[in-house]
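Working notes, structure below.
Every number here is computed from the coordinates shown, using simple stated rules; none is lab data. Every value quoted in this text rests on a predicted model; they were computed, and no experiment measured them. All Cβ positions, glycine included, derive from the backbone under ideal geometry; neighbour counts span all protein chains shown.
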Amino acid sequence: MSERTVYEYVVVRVVPRVEREEFVNVGVALYCKKQRYAAVKVFVNEEKCKALDPEVDLELIKKHLDSFQRICAGDRSAGRLATLEQAERFRWLTAKRSTLIQCSLSHPGLCLSAEETLDELFEKLVL
């Protein structure tokens with residue numbers, strides 16, 4: 001029988017106009033220390049983003065989210081941040097900030113499979 005392990009996740013959001021504090025959920029980042037798993041899954045609903053700001057730069061958003069995923073995965077071509085330990089990368093990415101890409105507060109849970117849990121959360125919170 002498999003053992004449930006602790007994980008934490010955040011919802012990744014696009015905030016086209018920071019001053020209005022409106023956002024669109026575009027992804028989920030999940031970290032599970034015991035399973036040595038950290039990943040970000042994203043999908044940008046362009047219509048929702050444009051509804052909040054018709055002039056939103058979707059290409060810029062996609063570039064930022066791609067960097068977010070690469071850093072989380074430890075892809076060394078993503079720069080120095082990607083060379084940090086897995087937990088440090090996750091903490092840096094999910095730190096509170098006031099920019100175009102923001103994260104919710106961190107939420108804990110228990111899972112059997114971090115990868116399957118990421119898929120489930122992504123389905124519920126983004127799609």
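So here's what we get for this one:
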quantity: Search result, residues across the range 26-46 that are farther than 14 Å from V126 by Cβ and either in a helix (DSSP H, G or I) or in contact (Cβ under 8 Å) with a residue 40 or more places away in the chain (or both); calculated: Y31, C32, K33, Q35, R36, Y37, A38
quantity: Selection status of E116, assigned to a helix (DSSP H, G or I) and loosely packed, with under 13 Cβ neighbours inside 10 Å; calculated: yes
quantity: Selected residue [within 30 Å of S2 (Cα to Cα) and loosely packed, with under 14 Cβ neighbours inside 10 Å] from R97, R36, R17; calculated: R36
quantity: Per-region count, the range 1-25, residues of a type outside the set (A, V, I, L, M, F, W, C) and either free of Cβ contacts under 8 Å to residues at least 60 places away in the same chain or assigned to a loop (DSSP other than H, G, I, E, B) (or both); calculated: 9
quantity: Criterion violated by S98 - all others in (1) touching a residue at least 60 places away in the same chain (Cβ under 8 Å); (2) under 15 Å from A29 (Cβ atoms); (3) not in a helix (DSSP H, G or I) satisfied; calculated: (2)
quantity: Some residue of the range 69-80 being among the acidic types (D, E), assigned to a loop (DSSP other than H, G, I, E, B), out of contact with any helix residue (DSSP H, G or I) (no Cβ under 7 Å at 6 or more places or on another chain) and over 19 Å from V126 (Cα atoms); calculated: no
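Per-residue answers, yes or no, for (1) surrounded by fewer than 17 Cβ atoms within 10 Å (Cβ to Cβ); (2) within 22 Å of T117 (Cβ to Cβ):
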{"site": "V11", "(1), (2)": "no, yes"}
{"site": "F43", "(1), (2)": "yes, yes"}
{"site": "K48", "(1), (2)": "yes, no"}
{"site": "A78", "(1), (2)": "no, no"}
{"site": "F90", "(1), (2)": "no, yes"}
